[in-house]
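To start, the structure under review is shown below, and the notes come after it.
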Amino acid sequence: MLDQLRRYVIGGVLLAGVLTSAGCSPGDETAAAQPSASASSASTDLAGALARLGSETARFTLVFGEGEKATGVVDPATGNWEMTGNGYVVRRIGSDVYVKLSAEPAHSTYPGQYAADLGRWVHVTAPADGAAFAGDFPWTAARTAATAELDVDGRFSRVTVPGMTASYADYGTPVQIIAPAADQMIEDHLFTLTSLGSIY
């Protein structure tokens, strides 16, 4: 019930949960025409969520592309994060990226392209492009969301942007992301991060 009362369409239009909380049905045109008090509250809630965004560690889940999914943790104090997807783990530590494959990436150019890399940490430099390597990742989606849901503490829990849905949970969870041991790493200058998915 609380989640329903804190679900918004960015731009001041409230979803059915908010209208229902005022004792109105979603189809009540009179209620929809007089949303000022609820809209003001929604605006305040969203402003508060934005002010806190990126200030705490958290777990996140991204659904993107054609049903692709990745889950991860982020430490906003350093900007470091780790994500696990279908057949891979990626760690971003400063300007370094480490990728460990357990299966051939879904978007490899040809079968077996990365066979020699399986089970080992591949070290590459973070690219200048790719949504996952933006300075504000994974919070960017919440800042530009078309729709948003807040948790009971007023923090973003789920947002939607074109081509992606992002969920956030377990704020404040301990996060420590470290580089793999040197003897577990290899350099592969031909490794293409976009082989992992569209957000890379």
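The values are calculated or read from the model by the stated rules, or taken from the named source; none is laboratory data. Keep in mind that this is a model prediction, so the values were computed, not measured. A quick note on method: Cβ atoms are made from the backbone with ideal geometry, for glycine too, and the neighbour counts reach across all protein chains shown.
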(request) Taking THR144 as the residue in question, decide whether it is of a type in the set (S, T, N, Q) and closer than 22 Å to THR57 by Cα. (result) yes
(message) I'd like the residue in the range 158-200 that is of a type in the set (Phe, Trp, Tyr) and modelled with pLDDT under 95 and, out of all such residues, is surrounded by the fewest Cβ atoms within 10 Å (Cβ to Cβ).
(response) PHE191
(request) Hey, could you check the range 100-150 for residues that are hydroxyl-bearing (Ser, Thr, Tyr) and over 20 Å from ALA169 (Cα atoms) and say which is surrounded by the fewest Cβ atoms within 10 Å (Cβ to Cβ)? (result) TYR110
(request) With the checklist (1) more than 20 Å from ARG52 (Cβ to Cβ); (2) touching a helix residue (DSSP H, G or I) at 6+ places or on another chain (Cβ under 8 Å); (3) of a type outside the set (Gly, Ala, Ser) in hand, flag the one item ASP129 doesn't pass. (result) (2)
(message) Going by what's in this entry, would THR78 be described as over 22 Å from THR144 (Cβ atoms) and not in a strand (DSSP E or B)?
(response) yes
(message) Among the residues that make up the range 9-29, is at least one of them farther than 16 Å from VAL159 by Cβ and either acidic (Asp, Glu) or modelled with pLDDT of 50 or more (or both)?
(response) yes
(request) May I ask you to list the residues in the range 108-141 that are more than 22 Å from VAL63 (Cα to Cα) and not aliphatic (A, V, I, L, M)? (result) THR109, TYR110, PRO111, GLY112, GLN113, TYR114, ASP117, GLY119, ARG120, TRP121, HIS123, THR125
(request) Grab the strands (runs of 3 or more DSSP E) fully contained in the range 116-200, keeping just those with 3 or more residues being under 12 Å from the mean Cα position of the chain (by Cα) and without any contact (Cβ under 8 Å) to a residue 24 or more places away in the chain. (result) 156-161
(request) Can you give me the number of residues within the range 68-115 that are under 16 Å from the mean Cα position of the chain (by Cα) and of a type in the set (Val, Ile, Thr)? (result) 6
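Yes/no matrix, rows are residues, columns are (1) closer than 16 Å to GLU187 by Cβ; (2) in contact with a Cys (Cβ under 8 Å, 6 or more places away or on another chain); (3) among the β-branched types (Val, Ile, Thr):
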{"position": "ARG59", "(1), (2), (3)": "no, no, no"}
{"position": "GLU66", "(1), (2), (3)": "no, no, no"}
{"position": "THR71", "(1), (2), (3)": "no, no, yes"}
{"position": "VAL74", "(1), (2), (3)": "no, no, yes"}
{"position": "TRP81", "(1), (2), (3)": "no, no, no"}
{"position": "TYR98", "(1), (2), (3)": "yes, no, no"}
{"position": "PRO105", "(1), (2), (3)": "no, no, no"}
{"position": "SER108", "(1), (2), (3)": "no, no, no"}
{"position": "LEU118", "(1), (2), (3)": "yes, no, no"}
(request) May I ask you to verify whether ALA145 is at pLDDT below 95 and not polar (S, T, N, Q)? (result) yes
(message) Tell me whether the range 64-84 contains one or more residues that are within 16 Å of ASP170 (Cα to Cα) and of a type in the set (Ser, Thr, Tyr).
(response) yes
(message) Can you tell me which condition SER108 does not meet? The list is (1) at pLDDT below 95; (2) touching an Asp or Glu at 6+ places or on another chain (Cβ under 8 Å), and all the others hold.
(response) (2)
